[in-house]
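To keep things clear, I will list the structure first and then write my remarks on it.
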C-alpha cells in the first residue's frame, strides 16, 4: 500500500513539473509572438499556458497586454485584475488596467489605478505618463 502511494506521488510530481515546463515554454513563445506583433496567436499561447498552469501571474499579464494592444479593453481589464489578485504589487498590471479603464470611460476606476501605480512606483508612473504625452503630442500612438 505504501509503495502505491509513493508511486502515485512520483507520477503526480512528474506530471506537475512537465505541465509547468510546458506552460513556461508557451509563455516564452507568446512573448516572442508579442515582439513580432502577432498578438492574436500570442493570446492563444497564453490560453494554453493558463490551461497547463493557472497559477502563473505573468501569463495573465501577458494575455492582458496583448488584449490591450488589440484594444480589447474589457478582456485586458479582466486579465490585469487576475494578475493583481495573484501579485498585488504588480505595477505594470495596475498601470495598464488604468489605461484600459480610461479608454473604456471609467475615469474613476482609472484614477484609482493610476494613484495605486503612483504609490508603488512614483518615478516609473511619471516616466510612463510622460512617454505617453510625448507620443501623443508628436503623432505616435502610445502603447505605454
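Some notes on this structure:
- Residue 105, sole failed condition from (1) more than 16 Å from the chain's Cα centre (by Cα); (2) part of a helix (DSSP H, G or I); (3) at pLDDT 95 or above: (2)
- Yes/no for residue 118 being at pLDDT 95 or above and within 20 Å of the chain's Cα centre (by Cα): no
- Residue 45 being free of Cβ contacts under 8 Å to residues at least 24 places away in the same chain and either in contact with a strand residue (DSSP E or B) (Cβ under 6 Å, 6 or more places away or on another chain) or over 18 Å from residue 129 (Cα atoms) (or both): yes
The values are calculated or read from the model by the stated rules, or taken from the named source; none is laboratory data. Bear in mind the structure is a predicted one, so any value in this text is a computation, not a measurement. No Cβ is skipped: glycine too gets one built from the backbone with ideal geometry, and neighbour counts run over all protein chains shown.
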